[in-house]
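Colleague: Structure in structure tokens, see below.
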Amino acid sequence: MEYVIEMLNIRKEFGNFVANDNITLQLEKGEIHALLGENGAGKSTLMNVLFGLYQPEGGEIRVRGKKVDITDPNVANELGIGMVHQHFMLVENFSVTENIILGSEPTKIGVTNKKDAAKKVADLSKKYGLNVDPYAIIEDISVGMQQRVEILKTLYRGAEILIFDEPTASLTPQEITELVQIMKRLIAEGKSIILITHKLKEIMDVSDRVTVIRKGQGIGTVITAETNPNELAALMVGRQVTFKTEKGPAHPTEETLTVKDLVVEDYRGIAKVKNLNLSVRKGEIVGIAGIDGNGQSELIEAITGLRKVKSGHILIHGKDVTGMKPRKVTESGVGHIPQDRHKHGLVLDFPIGHNIALQTYYMAPISKSGIMDYNKITEKAQQIIKDFDVRTQGPHEPARALSGGNQQKAIIGREVDRNPDLLIAALPTRGLDVGAIEFIHSRLIEQRDNGKAVLLISFELDEVMNVSDRIAVIHDGEIVDVVIPEETTEQELGLLMAGHAEKAKKGGEHRVE
């Protein structure tokens with residue numbers, strides 16, 4: 001068997017913490033090899049060793065049969081290894097071409113030759129069907145297109161072996177489908193791919209083999225065609241996983257959140273939320289289903305005080321909170337699991353304990369007479385870390401050092417622990433493994449059963465269908481219909497989301513009791 005990459009008995013330690021405990025992974029030429037594991041299992045650490053970002057304490061790496069010492073990413077690039085990181089490494093106010101050539105700029109007589117570079121970028125984009133404009137500015141293009149820029153960056157440097165680290169974590173369903181086609185084209189061109197993921201459907205759709213790791217240890221490698229999602233989930237988390245969310249009937253009472261004729265504009269002054277009406281009652285979960293970019297982000301930011309409202313009203317328990325500052329909204333009984341955990345959820349360079357205290361650091365018992373009690377912060381953080389299974393070395397570890405999924409669990413723990421009257425959960429399971437998803441769904445339902453109101457925003461239709469008691473479908477900034485999950489199908493929801501169903505009513509909420 002010809003292996004283009006062999007990672008043999010790799011061991012990586014951080015102090016007393018063993019992130020990779022003698023793991024072996026072998027990549028065949030021309031295959032898509034999935035690396036599967038829970039949040040914090042050690043997947044990204046292992047690939048950072050391969051890419052030269054970390055140096056292992058034990059084991060060896062072979063590239064095309066030859067033992068190598070990958071001391072930094074430049075060495076990895078020279079060996080034909082490229083990595084598409086989960087959190088993109090792009091300069092937002094640079095063009096696509098400027099980002100791709102950064103660090104390896106082609107020159108003529110000492111002057112950077114952007115024209116030739118842009119032509120090469122355009123040629124590569126066309127060859128692999130990426131459809132990227134070499135002159136576009138990064139901040140002006142979608143997340144999916146930014147990911148294509150990262151892929152082009154590796155191809156520009158001659159990568160034959162590509163590492164994709166959680167590539168679909170921030171993509172819409174359509175972008176995921178397009179990425180799968182791109183990966184298949186790369187394989188057809190003779191590339192080899194390692195795919196880090198915990199999404200079982202993607203593994204079954206695209207991979208040839210799967211290596212499973214759990215808590216830093218290798219569990220084994222299986223042929224994808226010879227396994228199934230249930231077996232992979234059990235290998236990943238060490239137990240059987242329930243994919244169907246168990247919940248009893250809802251018993252909603254009075255309204256907690258009321259949104260009336262809301263209009264919200266984007267930074268260009270274009271209305272993204274248009275005369276929207278919505279309500280969420282105590283004891284129910286209302287899911288918002290829609291294609292990304294139809295006003296969900298602007299709606300959430302308006303409710304939580306992060307964005308100005310053009311017109312209309314937002315009420316919590318009948319009290320108008322329109323235009324209030326985020327802290328005042330929070331103090332009105334609102335919890336917020338943000339869509340972008342880095343932008344609105346965490347201070348990455350703060351310890352995870354301080355991040356857990358971000359909403360309550362000025363309140364008793366953490367703060368008395370304006371003085372914070374750091375022991376209380378540590379106690380609270382340790383409790384949430386335990387209750388929500390946040391994989392970390394402790395409260396003093398920087399948030400940046402945690403995996404994306406564990407960062408998300410810390411945020412969810414912080415917000416749920418506050419026991420808010422209204423919990424806004426925006427993409428709460430993005431970046432989480434199946435075991436964690438099962439746990440988070442149960443906590444959302446627990447909030448509902450405790451008489452709280454939950455507003456769930458998700459691009460995953462199965463999540464919206466499984467968890468919600470009512471589903472409000474948003475299209476072009478308007479709620480076009482409100483349906484009961486048991487009385488609709490994913491196909492009908494898809495038609496409503498796309499604005500194609502004749503029964504979609506525009507201009508207000510149509511509550512289904």
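Colleague: Please state which of the following conditions residue 272 fails to meet, knowing it meets all the rest: (1) over 30 Å from residue 148 (Cβ atoms); (2) assigned to a strand (DSSP E or B); (3) modelled with pLDDT under 95.
Modeller: The failed condition is (1).
Colleague: Tally time: how many residues in segment 154-210 are touching a strand residue (DSSP E or B) at 6+ places or on another chain (Cβ under 6 Å) and free of Cβ contacts under 8 Å to residues at least 12 places away in the same chain?
Modeller: So the answer is 0.
Colleague: Considering every residue within segment 379-394, establish whether at least one is without any contact (Cβ under 8 Å) to a residue 60 or more places away in the chain, buried (at least 24 other Cβ atoms within 10 Å of the Cβ) and touching a strand residue (DSSP E or B) at 6+ places or on another chain (Cβ under 9 Å).
Modeller: Checking segment 379-394: at least one residue is without any contact (Cβ under 8 Å) to a residue 60 or more places away in the chain, buried (at least 24 other Cβ atoms within 10 Å of the Cβ) and touching a strand residue (DSSP E or B) at 6+ places or on another chain (Cβ under 9 Å).
Colleague: Also, quick follow-up: Name the residue, out of 55, 86, that is open to solvent by 50 Å² or more (accessible area, probe 1.4 Å) and either closer than 26 Å to residue 215 by Cα or β-branched (Val, Ile, Thr) (or both). Reasoning before the result, please.
Modeller: Details: 86 fails: open to solvent by 50 Å² or more (accessible area, probe 1.4 Å).
Answer to the selection: 55.
Colleague: Looking at residue 67, is it surrounded by 15 or more Cβ atoms within 10 Å (Cβ to Cβ), out of contact with any Leu (no Cβ under 6 Å at 6 or more places or on another chain) and modelled with pLDDT of 90 or more?
Modeller: no
Colleague: Can you tell me which residue within segment 413-442, out of those that are among the acidic types (Asp, Glu) and open to solvent by 10 Å² or more (accessible area, probe 1.4 Å), is nearest to residue 40 (Cα to Cα)?
Modeller: Within segment 413-442, the match that is nearest to residue 40 (Cα to Cα) is 438.
Colleague: Hey, could you check segment 1-20 for residues that are assigned to a strand (DSSP E or B) and in contact (Cβ under 8 Å) with a residue 60 or more places away in the chain and say which is surrounded by the most Cβ atoms within 10 Å (Cβ to Cβ)?
Modeller: Top of the filtered list is 20.
Colleague: Any residue in segment 124-139 that's under 14 Å from residue 189 (Cβ atoms): show its pairings with residues that are part of a loop (DSSP other than H, G, I, E, B) and open to solvent by 80 Å² or more (accessible area, probe 1.4 Å) at Cβ separation under 7 Å, as long as the two are six or more apart or on different chains.
Modeller: 125/131
Colleague: Could you tell me how many of the residues in segment 21-58 are over 23 Å from the mean Cα position of the chain (by Cα) and either closer than 29 Å to residue 230 by Cβ or part of a strand (DSSP E or B) (or both)?
Modeller: 11
The values are calculated or read from the model by the stated rules, or taken from the named source; none is laboratory data. Quick caveat: nothing in here was measured; it's all calculated off a predicted structure. A quick note on method: Cβ atoms are made from the backbone with ideal geometry, for glycine too, and the neighbour counts reach across all protein chains shown. Ligands, DNA and RNA are excluded from the accessible area calculation, which covers all protein heavy atoms including side chains. Shrake-Rupley method; radii C 1.70, N 1.55, O 1.52, S 1.80 Å.
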